[in-house]
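Quick note: the coordinates plus some simple rules give every number you see, no bench work behind them. Everything quoted here is computed from the prediction, not taken from an experiment. Every residue, glycine as well, gets a Cβ built from its backbone with ideal geometry; the counts of neighbours run over all protein chains shown.
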Amino acid sequence: MCGIVGYIGRKQVQPILIEGLKRLEYRGYDSAGTAMVGDGTLTITRAAGRISALEARLGAIQRSATLGIAHTRWATHGAPTERNAHPHVSYDGKIALVHNGIIENYRSLRTFLDQQGIRCVSDTDTEVLVQLIRHFYNGNLEQAVRDALHDVQGTYGIAVVSSDEPDRIVAARKGSPLIIGIGNGEFLIASDAAAIIEHTAQVVYLADGEMAVLTHDGFRTTTLDAVPITKDVQEVEFSLEQIELGGHEHFMAKEIFEQPQSLNNTLRGRLRVREGMIHLGGIAEHARDLARARRIIFTAQGTAWHAGLVGEYLFEDIAKTPAETEYASEFRYRNPLINEGTVVIAISQSGETADTLAALREAKEKGALTLGVVNVVGSTIAREADAGVYLHCGPEIGVASTKAFTSQLAVLTMMAIQLGRRRFLSQNDAQALISQLALIPGHVERIVQQSDGIREAVRRFVHRENWLFLGRGYNYPIALEGALKLKEISYIHAEGMPAAEMKHGPIALISDGMPVVFIATRGNQYDKVLGNIEEVRSRGGKILAVATEGDHDVAQMAEDVFYVPDVPEPLQPMLSVIPLQLLAYHAAVLRHCSVDKPRNLAKSVTVE
Ligand code: AGP
């Protein structure tokens with residue numbers, strides 16, 4: 001997704017902007033640009049492609065400038081070209097703007113500007129905004145931004161500078177995150193804390209409908225209607241080294257291998273083994289509403305949706321509560337039936353996915369209790385849900401979600417146990433499950449040690465362009481997740497499904513030598529899975545299996561087996577997904593794909 005970073009202070013702004021953009025690269029982009037104000041002039045530099053292309057253009061431009069804004073663009077309206085890259089500049093060359101989001105009424109605004117004799121030169125929706133600001137400008141940049149935004153429909157996170165007011169950055173937010181970094185005599189604006197964390201951990205999160213003006217002396221915040229507001233200063237909970245690669249070749253590898261630690265962080269302070277209880281402070285005040293829940297609806301997209309699917313099994317199995325999982329993009333437009341006792345749980349690593357946020361708002365509108373299971377602290381979904389549980393798994397930089405997924409599963413498991421204890425789950429059964437849950441991080445540590453063996457297994461099949469992933473019960477969602485991982489970073493076509501479903505058509509796909517991944521861990525459908533494996537083998541398919549340690553039957557049937565420790569079925573997904581994450585990672589590396597920044601993908605899809 002697009003990224004924004006801005007700075008006002010005493011230092012040279014150019015290196016700060018470039019470094020900030022580099023920390024936002026993981027979000028996915030296809031062009032970048034800067035606008036700097038120095039010596040009374042506004043200098044715009046833009047380039048299609050990577051930030052290195054922008055750096056090459058910048059050279060020694062505006063070394064004296066100490067005020068500027070910058071942007072990485074993920075094209076929505078208009079091709080990824082220099083002409084469409086941000087910052088966009090007003091027709092008189094004096095105002096520059098960067099924008100995340102979509103101006104939905106840009107066509108009518110463009111017509112209005114044409115009627116005023118103001119012509120846009122790019123194919124973007126964003127440009128109408130900077131031209132409109134200039135149209136309203138009458139010596140007060142903040143007011144001109146305010147006036148222009150009143151005519152705008154859509155979503156935005158913007159930062160605006162002007163050579164006529166070289167001592168300020170004006171920012172505004174509606175539907176696209178913005179944070180203010182508070183340094184020592186310097187202030188920053190960004191779409192993501194990663195862009196500013198090396199300068200300060202003190203931040204203020206702007207909410208929808210809020211504006212800010214940053215100057216050398218400080219910042220002030222108002223509503224869009226100029227009503228002053230006071231914002232709480234918060235501490236960003238992750239550090240710079242957590243963002244760095246930590247010796248790994250890719251962020252995805254780092255995040256796969258740090259899952260023992262990230263899961264420990266997710267579980268920390270929440271397990272009460274002796275009492276057979278779970279403590280989740282973020283939803284404690286809604287404990288009674290939750291206990292009376294008649295129906296749980298999980299809503300999310302992508303990997304988070306797969307976590308919801310596991311949550312469905314967990315809540316019905318452990319908490320004996322009806323549960324269903326909905327794609328947020330479908331839920332939001334389906335006019336969903338929300339009745340008394342419905343709890344909607346939005347799952348989102350970024351907390352900014354547009355469809356998931358819209359589904360959450362729709363559920364609130366219809367009177368549901370809404371909970372968020374989110375990683376990014378202070379994100380929109382986290383703030384708009386009635387309550388929630390943070391993952392605390394640290395920043396996830398790789399576009400392919402890995403550690404956030406296993407932390408989502410850990411949180412959903414804890415929520416199901418907590419609700420189950422208010423229903424029919426005995427203290428003894430809960431103690432047994434919780435004590436096993438506490439061992440999961442150590443089990444994950446053992447599984448990731450198989451990475452080299454998994455790479456060699458993948459090497460034999462990496463040229464195959466079609467894979468199947470099959471699982472049953474709790475491992476059916478893991479089959480979907482394994483297929484998604486492989487697809488999104490190695491560009492191999494893969495399909496996941498319930499193992500039994502294969503016979504209803506997809507078995508026609510099985511060709512000689514086709515790789516088929518089975519999750520065949522011990523469970524109540526184990527024998528049926530072995531039968532499905534035979535069906536595939538007898539048609540020439542090659543089996544790669546995830547199996548329970550000590551299981552030699554599967555080893556007789558598979559080309560390769562990736563073993564996971566024996567745990568109760570509800571806890572298996574946190575383990576069985578790990579080999580599939582590694583499988584996808586190694587396939588992508590062997591195919592020389594861009595592991596952390598796969599083509600066409602963004603880390604957080606903040607547009608529909
Ligand atoms: C996962 O590997 C993908 N990158 C994508 O499906 C992602 O899970 C989805 O876009 C949801 O993102 P969120 O968790 O930040 O809402």
Among G247, T303, Y526, whose Cα projects farthest towards the positive end of the dipole of the chain, with charges put on the beta-carbon of Lys, Arg (+1) and Asp, Glu (-1)? Y526
Least to most buried among H504, H392, H99 (fewest other Cβ within 10 Å first): H504, H392, H99
Is the shape of the range 131-192 best called rounded, prolate or oblate, per the rule: a/c under 1.5 gives rounded, else a/b larger than b/c gives prolate, else oblate, with a ≥ b ≥ c the square roots of the Cα gyration tensor eigenvalues? oblate
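With a ≥ b ≥ c taken as the square roots of the eigenvalues of the C-alpha gyration tensor of the chain, please select rounded if a/c is under 1.5 and otherwise prolate if a/b is larger than b/c or oblate if it is not?
Prolate is the answer for the chain, as a/c is 1.5 or above and a/b outweighs b/c.
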Of the peptides 378-387, 100-109, how do they stack up when ordered by the mean number of other Cβ atoms within 10 Å, highest first? 378-387, 100-109
Would you mind ranking R459, R168 so that the residue whose beta carbon has the fewest other beta carbons within 10 Å leads the list? R459, R168
Summing +1 for each Lys or Arg and -1 for each Asp or Glu, what net charge is found among the other residues whose Cβ lies under 14 Å from the Cβ of R294? +2
Quick check for me: using +1 on Lys/Arg Cβ and -1 on Asp/Glu Cβ, what's the dipole size of the range 524-608 about its Cα centre, in debye to the nearest 20? 620
Chain lengthening between R107 and V121 when straightened (0.36 nm per residue, less Cα-Cα): 3.7 nm
In whole Å, what is the distance between the alpha-carbon centres of the range 78-107 and the range 435-474? 44
Could you sort out which of K403/K487; K528/K597; K320/K485; K11/K254; K174/K320 sit more than 28 Å apart by Cα distance in this structure? K528/K597; K320/K485; K11/K254; K174/K320
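Tally Lys/Arg at +1 and Asp/Glu at -1 over every other residue whose Cβ is under 9 Å from the Cβ of L590; what's the total? The partial results should precede the final answer.
Working: positive: R455, R459, R591; negative: none.
For residues surrounding L590, the net value is +3.
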From the alpha carbon gyration tensor of the range 366-519, can you work out the equivalent ellipsoid semi-axes (sqrt of 5 times each eigenvalue) and give them in Å, largest to smallest? 33, 20, 18
So if R0 is 45 Å, what FRET efficiency would K231 and R446 give, r being the distance between their Cβ atoms, rounded to the nearest 0.05? 0.50
Residue span N339 to R383: 0.36 nm per residue of separation minus Cα-Cα distance leaves a gain in nm of 13.5 nm
Computed about the Cα centre, the charge dipole of the range 110-168 from +1 Lys/Arg and -1 Asp/Glu charges at the Cβ has a magnitude in debye, to the nearest 20, of 80
Radius of gyration and maximum dimension Dmax of the range 80-153, Cα, Å: 11.2, 33
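Before rounding to the nearest 500, sum -39500 (n - 2.57) across all DSSP H runs of length at least 4 in the chain and divide by the residue total; then give [θ] at 222 nm in deg cm²/dmol.
Helices in the chain give a 222 nm mean residue ellipticity of -10000 deg cm²/dmol.
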Under 11 Å from the Cβ of P498, count the other residues' Cβ atoms, weight Lys and Arg +1, Asp and Glu -1, and hand me the total. +2
Take D192, D217 and order them by how many other Cβ atoms sit within 10 Å, fewest up front. D217, D192
About its Cα centre, what dipole magnitude does the chain give when the only charges are +1 on Lys and Arg Cβ and -1 on Asp and Glu Cβ, stated in debye to the nearest 20? 160
Listed residues Q153, T72, A508: farthest to the positive end of the dipole of the chain (Cβ charges): A508
When a/c reaches 1.5 or more, the comparison of a/b and b/c decides; with that in mind, is the range 175-311 rounded, prolate or oblate per its Cα gyration tensor? oblate
Please state, to two decimals, what the Cα-based radius of gyration of the range 175-253 comes to when divided by 2.2 N^0.38 Å (N = residues). 1.26
